[in-house]
Amino acid sequence: MSEKELIKEFQNWGKRRLKGEKIEDFGVIDEKGESRLIKFTPSQRKFINAKAQMVLAIGGMGSGKTLALNIKAFLLGMFFPNNFILVVKRFFTDALRSFLPEFFSLFPQNFFQVKRGGEEIIFPNGSQMLLMGLDALQSPSRAEREKGIQRVKNLPSLGAVVIDQVEEIDERVFRMLRAKLRKKEVPFRQIICTANPVDFWGYEYFVENPSSKKLVVHFSTEENKHNLPEEFVQDLLDNDENFVRRFYYGEWKRELFLEKRVFGGEILKNQKAFLRRPLEIVDGIKIFVRAHPSHQYYIGIDPSEGFYDPSAIEVVDVQTGEEVATFCDFVSPKALLEKTLKVIDLYTTFCPPFVIPEARGGGTALIEGLRDKGFHRIYERESYSYVERKKTKKLGFAITYATKRLLIQKTEDLLKKNYLKIRDPETLKQLENFKYRDEAKKTGASAPPGQHDDRVFALMLAVFPLNIGDFVKEEIDNLQKLIQNELKKVPKKRSFKNIYLGWK
């Protein structure tokens, strides 16, 4: 068959697929005339024939999801001439080392034109496949992130995006790539991706918020075991029940993720009763309870410097333990300072709020900015200087392995006693997803891949100085003095001149 005839054949197959005919299996005949027939499992068949805009293959190890992904990517290129397909991995080297070898093991390399060392693949019908790493988009360096964002913006309109192990990328990056699906020359546009059954943002995005544009296909190793070595299958089955359910049978359920929760058990169960909608939103700041003139407020801040992580502000009422205001967004250090000053202004009563910022990273610029503006009610920590051989005081809370455990213990204690009351559903969601990497050793507390824990850390910072029913003596003395001064301003004689009754 000539190349022209081959292109025509695939176009006809594409038309049959658009009419609703299903692909049952896939065969390749190499240059030697030897044929290879791939009989699809039910899950592979469903994934390859899916036409939803976003299709996720979730499943166990060796379940055949990557094979289905590669074949579907190939068919999208061959069915629809001049398609543009973007293949992304967290790192470009991963795309070269993992995607290309598997792709070319299925389809002969001489079938395509391979350019720029494997970065670009040209199909016989003019379709293009571009390999791209997303490490720049998720870099701590702002300059690198801006370069990555610009590179995505400069991409042409896409017909398809292929993502193997989507749990490795951030949800915001996923949404950015989805926005590039606007190539009119193809009949439908898709993001096709795979993931392991782990806890990441995709569970909420695909399972808890379903739509006709999304499809999750569950893959099981059991379904594909006839293609795997017996010892590989047995090794998987020799693990604990949780592991087997997830990585052999491909179960993706919330109950399987709960074991490693930092704030697990019944601690967060009662918090759902405290959730409410904000009274108002001021410059992106959610106000759940307005400032009370006789109450004092603590503000916890987890600063970030840009694209990968948002900055978070949490305001807690010292007297009631309520989360009264929140802010969380991707903002510059300058914008974060402005938001912090706004929150301080909103919750200044008889005295300004007490601010507990994380000292490292973007916290240094924030602390300096607050001091330049004349604000000095900032948390001080003690540290020992080995050079000067004495204790010194520094502004801001330094989060280390040891202090993180203290933050967790304090927050857990306040939650257990129902003193801390969460108002913002987004905060509660992050608390529920805050987990230990090693539950036995209680280490590595953080959000799962692709999710964020900035609200959690801001909240833990805000409540760290709290003492239930017993404030620090200095704070009590100051509080009493200020209240007495305010009471002196109240007129001793009451006036009823402005009271009236309305009658029908």
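No lab work stands behind these numbers, since they all come straight from the coordinates. Just so it is clear, the structure is predicted and the values come from calculations on it, not from any experiment. Don't worry about glycine lacking a Cβ; one is built from the backbone with ideal geometry, like all the others, and counts go over all protein chains shown.
List the pairs from LYS65/LYS435; LYS147/LYS393; LYS342/LYS393 whose alpha-carbon separation is above 29 Å, in the order I gave them.
Numbers: LYS65/LYS435 27 Å; LYS147/LYS393 39 Å; LYS342/LYS393 27 Å.
Over 29 Å Cα-Cα: LYS147/LYS393.
Label-point separation (nm) for ALA273 and LYS373, each offset 7 Å from Cα along Cα-to-Cβ?
3.8 nm
Helix-only estimate, please: 222 nm mean residue ellipticity of the chain, summing -39500 (n - 2.57) across DSSP H runs of length 4 or more and dividing by its residues, to the nearest 500.
Value at 222 nm, helices only, nearest 500: -9500 deg cm²/dmol.
By counting other Cβ atoms within 10 Å of each Cβ, how are LYS260, LYS253, LYS286 ranked from fewest to most?
Values: LYS260 18, LYS253 12, LYS286 22.
Exposure proxy ranking, most exposed first: LYS253, LYS260, LYS286.
Compute the long axis of helix 454-463 from its Cα atoms, compare it with the longest principal axis of the Cα atoms of the chain, and write down the angle in degrees, 0 to 90, nearest 10.
20 degrees
Just the number, please: percent antiparallel of the DSSP beta bridges in the chain, rounded to the nearest 5. Intermediate results must be reported in sequence, preceding the final value.
Values: 37 of 70 bridges.
Of all bridge pairs located within the chain, approximately 55 percent are antiparallel.
Using only the Cα atoms, work out Rg/Rh for segment 3-259, with Rh taken as the Kirkwood radius, to two decimals.
Numbers: Rg = 18.4 Å, Rh = 19.2 Å.
Using only Cα positions, Rg/Rh for segment 3-259 is 0.96.
Could you check how many percent of all C-alpha pairs in segment 209-264 are farther apart than 19 Å? Please list the in-between numbers first.
Working: 677 of 1540 pairs.
Summing the P(r) of segment 209-264 above 19 Å gives 44 percent of all pairs.
How do MET176, MET54, MET61 line up, fewest other C-beta atoms within 10 Å first? Provide the component values of the computation, followed by the final result.
Values: MET176 16, MET54 22, MET61 19.
Neighbour counts put them in this order, fewest first: MET176, MET61, MET54.
Which order results if ASP170, ASP283 are arranged by neighbouring Cβ count within 10 Å, fewest first? Could you put the intermediate results ahead of the total?
Working: ASP170 21, ASP283 11.
Ranking ASP170, ASP283 by Cβ neighbours within 10 Å, fewest first, gives ASP283, ASP170.
Please state, as a whole number in µm²/s, the translational diffusion coefficient that the Stokes-Einstein equation yields for the chain at 25 °C and 0.890 mPa s, with Rh defined as the Kirkwood radius across alpha carbon pairs.
On the way: Rh = 26.4 Å.
Diffusion coefficient, whole number: 93 µm²/s.
Rounding to the nearest 10 and keeping the result within 0 to 90°, find how far the Cα-based axis of helix 142-153 lies from the longest principal axis of the chain.
40 degrees
Mind listing which GluC sites (Glu not before Pro) in segment 152-258 are in a DSSP loop and have 14 or fewer other Cβ atoms within 10 Å? Don't jump to the answer; show the numbers that get you there.
Numbers: sites: GLU167, GLU168, GLU171, GLU185, GLU204, GLU208, GLU222, GLU223, GLU230, GLU231, GLU241, GLU251, GLU255; in loops: GLU185, GLU251.
Of the GluC sites (Glu not before Pro), the ones in loops of segment 152-258 whose Cβ has at most 14 other Cβ atoms within 10 Å are GLU185.
Roughly how tilted is helix 473-488, in degrees to the nearest 10 and between 0 and 90, from the longest Cα axis of the chain?
Tilt of helix 473-488: around 60 degrees.
On full extension of the chain, what length is gained from GLN319 through LYS334, given 0.36 nm per residue of separation minus the C-alpha to C-alpha distance?
Between GLN319 and LYS334, full extension yields 2.3 nm more.
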